[in-house]
Amino acid sequence: MAAKRTLSDRQVVCLRLVNRGLSNQEIAERLSITLGTTKWHLHQIFSKLNVRSRTAAAAAARRRRIIRYRWQSLRQHRLSPNFR
């Protein structure tokens, strides 16, 4: 049962982009895949995380520590000496 719930590397990348607020079309363009493939990945993610929406998927992924909270990476970026 655990294997069914495991997200692929590509699905994790999709989740990160969803968490950043990108649309399906923007995700497809960023990953050089079709819109249909993007939707298929998201459908699989929703199923594995047992959620029904992009917002719920991102929240579940953050809770399970599959992805980081967006503000953490932004905060780290702002703390870097090269931030302007």
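The values are calculated or read from the model by the stated rules, or taken from the named source; none is laboratory data. Just so it is clear, the model here is predicted, and its values are computed rather than measured. Note: ideal-geometry Cβ built from the backbone for every residue, glycine included; neighbour counts use all protein chains shown.
When you scan the stretch 71-84, do you find a residue that is under 11 Å from the mean Cα position of the chain (by Cα) and either modelled with pLDDT of 95 or more or assigned to a helix (DSSP H, G or I) (or both), even just one?
Checking the stretch 71-84: not a single residue is under 11 Å from the mean Cα position of the chain (by Cα) and either modelled with pLDDT of 95 or more or assigned to a helix (DSSP H, G or I) (or both).
Listed residues Ile45, Ile66, Ile33; which is of a type in the set (Val, Ile, Thr), surrounded by 15 or more Cβ atoms within 10 Å (Cβ to Cβ) and part of a helix (DSSP H, G or I)?
Residue meeting the stated conditions: Ile45.
Of all residues in the stretch 18-30, which are surrounded by 13 or more Cβ atoms within 10 Å (Cβ to Cβ), outside any loop (DSSP other than H, G, I, E, B) and not acidic (Asp, Glu)?
Hits for the stretch 18-30 are Val18, Asn19, Asn24, Ile27, Ala28, Arg30.
Quick one: would you say Asn50 is modelled with pLDDT of 95 or more and buried (at least 16 other Cβ atoms within 10 Å of the Cβ)?
So Asn50 fails the test.
Do we find that Ile45 is modelled with pLDDT under 95, within 18 Å of Asn24 (Cβ to Cβ) and not aromatic (Phe, Trp, Tyr) in this structure?
No, not satisfied.
Determine if the stretch 9-17 includes at least one residue that is at pLDDT 95 or above, β-branched (Val, Ile, Thr) and part of a helix (DSSP H, G or I).
yes
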